[in-house]
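The values are calculated or read from the model by the stated rules, or taken from the named source; none is laboratory data. None of the values given here were measured: they were computed from a predicted structure. In this analysis, Cβ positions are derived from the backbone assuming ideal geometry, glycine residues included, and neighbour counts consider all displayed protein chains. For the accessible areas, the whole protein counts, side chains as well, though only heavy atoms, and no ligand, DNA or RNA atoms are used. Shrake-Rupley method; radii C 1.70, N 1.55, O 1.52, S 1.80 Å.
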Amino acid sequence: AAMRHLPYFCRGAVVKGFGRGSKELGIPTANFCEQVVESFPSDISTGVYYGWACVGNGDVHKMVLSIGWNPFYKNIKKSVETHIIHTFKDDFYGEILSIAIVGYIRSEKNFSSLEALISAIQEDIEEAKRRLDLPEHLKLKEDNFFHLSEGKTVNH
Ligand code: ADP
Ligand code: MG
């Protein structure tokens, strides 16, 4: 069920999250605006995915993505959060994030401690890095989807 919709391409604005302090843990997650979240297939599984991401017209980087239940909306709506495996100089709230979700790592889990949570995410990141080096995934990094917004007019 998790794989049925993949690869999944989407693009939208980065908004403020709900201050779970992801950045303080060293794993900032760029949250998509509600409109983008609502446009996701309603039956897409929650859990951790991996793929490619780019901010604005920037370079395409590896990413891990979490689709989870949004505590801000009493867990009736989903949240979609992307951790880009790259160090950025500045925050990019308000910018357009483009992502290609290409694979699924695991379902949502509850962790007994913050340390357990952090180490699970670090394992997710390592797993994502390895899998994204496979030729079938590398080719999606070059997909036209990521280059359409490079200052070109689409309708001419
Ligand atoms: P919030 O609760 O507002 O989502 P986070 O602690 O999750 O706060 O930090 C997310 C923000 O950090 C993003 O919206 C983005 O502006 C910034 N950021 C910086 N580096 C990254 C990165 N590598 N991946 C994702 N977001 C990043
Ligand atoms: Mg976040």
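When G21 is tested against (1) more than 9 Å from ligand 1 (Cβ to nearest atom); (2) within 19 Å of A120 (Cβ to Cβ); (3) open to solvent by less than 70 Å² (accessible area, probe 1.4 Å); (4) more than 14 Å from the chain's Cα centre (by Cα), exactly one condition is not met: (1).
Could you tell me whether R4 is away from ligand 1 (no atom under 14 Å from the Cβ) and assigned to a strand (DSSP E or B)? Step through it out loud before you land on a result.
Values: away from ligand 1 (no atom under 14 Å from the Cβ): yes; assigned to a strand (DSSP E or B): no.
So R4 does not fit the description; no.
Only residues that are of a type in the set (G, A, S), near ligand 1 (Cβ under 7 Å from one of its atoms) and either in contact with a Lys or Arg (Cβ under 8 Å, 6 or more places away or on another chain) or at positive phi (or both) were counted across region 24-33, and they come to 0. For region 48-75, taking the residues that are at pLDDT 95 or above, more than 10 Å from ligand 1 (Cβ to nearest atom) and among the small types (G, A, S), the one that is nearest to I118 (Cα to Cα) is identified as S66. Scanning region 79-115 for residues that are of a type in the set (A, V, I, L, M, F, W, C), surrounded by fewer than 14 Cβ atoms within 10 Å (Cβ to Cβ) and assigned to a loop (DSSP other than H, G, I, E, B) yields F88, F111.
The number of residues in region 58-112 being charged (D, E, K, R) and within 12 Å of ligand 2 (Cβ to nearest atom) comes to 2.
Being within 13 Å of the chain's Cα centre (by Cα) and either crowded, with 16+ Cβ neighbours inside 10 Å or on the phi > 0 side of the Ramachandran plot (or both) is the filter here; which residues of region 34-52 pass it?
V36, V37, F40, G47, V48, Y49, Y50, G51, W52
For region 63-78, the tally of residues that are under 11 Å from T29 (Cα atoms) and open to solvent by 20 Å² or more (accessible area, probe 1.4 Å) stands at 1. Kindly evaluate T82 against the criterion of being in contact with a Leu (Cβ under 6 Å, 6 or more places away or on another chain), of a type in the set (V, I, T) and closer than 23 Å to K141 by Cα. In short, yes.
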